[in-house]
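Have a look at the structure below before the remarks.
The values are calculated or read from the model by the stated rules, or taken from the named source; none is laboratory data. Note that this is a predicted model, so its numbers are computed, not measured. We place every Cβ from the backbone using ideal geometry, glycine too, and count neighbours over all the protein chains shown. These accessible areas exclude ligands, DNA and RNA; they are computed on the full protein's heavy atoms, side chains included. Shrake-Rupley method; radii C 1.70, N 1.55, O 1.52, S 1.80 Å.
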Amino acid sequence: MKVTDAGIERMIAVVLRTGVLLSGSVVLFGAVYYLARHGGETADYHVFQGQPSVDRIVSQIIGGAIAGRARSMVQLGILLLIATPILRVAFSLVGFALERDRKYMTITAIVLALLLYGLIGGTLRG
């Protein structure tokens, strides 16, 4: 099977389009669900309340979204949006590997490593 630049570009375009549409749909559904359940509540801005861990830890966000928790659905949509460009870089790496283009494979691997380091490093620190 011959891999072409146009084929890789189409594959990456599908990844980006699907990621954005999926994340937007999840956020929209979660936001509508949240407003339907909590839209009539009055906000209390006099006391600061941090986000509970269920809205900060990836495994708990996924579990909360599966359980039908509206805030977790919105957070999951945001995580999907963050993951979309990372997945795009990973698909680019695969495409360059299939083309056997070592120079761009190396550059893309470094970019992917930096993205993952920044994401994972930021998660561990904060």
Q) Which helices (runs of 4 or more DSSP H) does region 1-104 wholly contain that include 1 or more residues that are more than 22 Å from residue 119 (Cβ to Cβ) and open to solvent by less than 50 Å² (accessible area, probe 1.4 Å)? A) 5-38, 70-99
Q. Applying the selection to region 35-54, what residues are charged (D, E, K, R) and touching a helix residue (DSSP H, G or I) at 6+ places or on another chain (Cβ under 8 Å)?
A. 37
Q. Which residue out of 88, 71 is in contact (Cβ under 8 Å) with a residue 60 or more places away in the chain and basic (Lys, Arg)?
A. 88
Q.
Of everything in region 106-121, what is more than 27 Å from residue 21 (Cα to Cα) and either in contact (Cβ under 8 Å) with a residue 40 or more places away in the chain or under 23 Å from the mean Cα position of the chain (by Cα) (or both)? Give them in sequence order.
A. 107, 110, 121
